[in-house]
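The values are calculated or read from the model by the stated rules, or taken from the named source; none is laboratory data. Since we're looking at a predicted model, the values are computed, not measured. With ideal geometry, Cβ positions are generated from the backbone for all residues, glycine too; neighbour counts draw on all protein chains shown. Heavy atoms of the whole protein, side chains included, go into the accessibility calculation; ligands, DNA and RNA do not. Shrake-Rupley method; radii C 1.70, N 1.55, O 1.52, S 1.80 Å.
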Amino acid sequence: MDHHDYLAWLSEIDDLSSYQRIATVRLLAGQPSLEAVIGLLEERIGTARNCPHCAAGGAVIRGRSNGLKRYFCKICSKTFNALTGTPLARLRHKDCWTEFAGSLSDGDTVKTSAARCGVASSTAFRWRHRFLRAVTAGAIKLRGIVEADETFVLSSRKGERNLDRKARRRGGKASKRGVSHEQVPVLVAADRSGATVSAILPAVSAAHLQAVLQPVLDQDALLVTDGCTSYPPCAAAMGISHEALNQTAGERVRGELHIQTVNSRHERLKSFLRRHRGVATKYLDSYLRWFHLAVLPRQPTPRAVLAAAAGILPVRPCA
Ligand SMILES: [Zn+2]
């Protein structure tokens, strides 16, 4: 934080409530306690106290349950807390959540996470997917020169029974070279500020590429890709300028144009997935969220992870 921002930040301390002051002091002292976790989660309930069941405002506090304030809605007579309707609702052991968030930030395996938090592996596994479910990238816009390219991840039915082929061990290799039904395409698009979007594609086609790119591409963007034939019709349908590098003819760079940013993202994604030894395809989306949450921004604080998991803040677009 530069000096000017720091002064602006300091000046806002006067506006903190007494509870926020206490929580801030604890945070600064490096003690993310259960109270700090609870304080962060309670931020989901804004001052309007809108009911997640009927959307009416003005709910009243009726005691506490599992550490969280319990709200009563006078309109629909239902109760709720800060986690109602989120993937974290009804998960127990909140006192371990900061540690678990740190474990997600470090990219720990299930076994390491479980040992670190003192919970069963099955619990660590469930938490991982619940924590990642609400993580969103927020409203991302890719501007200026935008690189897009697909990478392929080996399709895996890890953990499933009744395979119609011999099981591969720990990730393994596809039996055929090149693209086949054994490979899942993942599109990665990034602009030069570092803002990155990734998505699993049902198949590499102009329509599927457009479905991912259209909502995130600024209308003035310049899309740069390799020579894959699905991009020109996709760019034309979106009305976006497009340049294709002829990589088969050895053209890697043309002036400012290249796709090295996304290709290095591909490498980071693959090494992240390798660390988890062959990710089941049904969980690949969850791992992509994890990649955006903790790998691209390089080890966010446990607090930032928890805020993303509780749907309070989107993940930080990385640089
Ligand atoms: Zn209500």
Return yes or no: is Leu10 within 19 Å of Leu313 (Cβ to Cβ) and either open to solvent by less than 70 Å² (accessible area, probe 1.4 Å) or more than 16 Å from the ligand (Cβ to nearest atom) (or both)?
-> no
Can you tell me which residues in the stretch 63-93 are part of a strand (DSSP E or B) and within 13 Å of the ligand (Cβ to nearest atom)?
-> Tyr71, Phe72, Thr79, Phe80
Of (1) more than 16 Å from the ligand (Cβ to nearest atom); (2) open to solvent by 50 Å² or more (accessible area, probe 1.4 Å), Val37 fails just (2)
Scanning the stretch 274-319 for residues that are part of a helix (DSSP H, G or I), basic (Lys, Arg) and over 16 Å from Arg128 (Cβ atoms), which turns out most open to solvent (accessible area, probe 1.4 Å)?
-> Arg274
Working only within the stretch 42-62, note down all residues that are open to solvent by 70 Å² or more (accessible area, probe 1.4 Å) and more than 9 Å from the ligand (Cβ to nearest atom).
-> Glu43, Arg44, Thr47, Arg49, Ile61, Arg62
Could you give me the residue pairs with C-beta distances under 6 Å whose first residue belongs to the stretch 1-24 and is in a helix (DSSP H, G or I), whose second residue is at pLDDT 80 or above and surrounded by 10 or more Cβ atoms within 10 Å (Cβ to Cβ) wherever it lies, and which are 6+ apart or on separate chains?
-> Ala23/Gly39
Sort out which residues of the stretch 84-104 are crowded, with 21+ Cβ neighbours inside 10 Å and either within 18 Å of Ile312 (Cα to Cα) or among the charged types (D, E, K, R) (or both), and write them in order of number.
-> Leu88, Trp97, Thr98, Phe100, Ala101, Gly102, Leu104
If we keep just the residues of the stretch 202-211 that are touching a strand residue (DSSP E or B) at 6+ places or on another chain (Cβ under 9 Å) and at pLDDT 95 or above, which is nearest to Ser241 (Cα to Cα)?
-> Leu209
Say whether the condition of being buried (at least 16 other Cβ atoms within 10 Å of the Cβ), over 19 Å from the mean Cα position of the chain (by Cα) and more than 16 Å from the ligand (Cβ to nearest atom) is met by at least one residue in the stretch 119-135.
-> yes
Within the stretch 100-117, is there a residue that is aromatic (Phe, Trp, Tyr) and within 16 Å of the ligand (Cβ to nearest atom)?
-> no
Contact list, first residue from the stretch 249-270 and without any contact (Cβ under 8 Å) to a residue 12 or more places away in the chain and closer than 16 Å to Leu222 by Cβ, second anywhere and in a helix (DSSP H, G or I) and open to solvent by 50 Å² or more (accessible area, probe 1.4 Å), beta-carbon distance below 8 Å, six or more apart or interchain, is Val253/Gln260
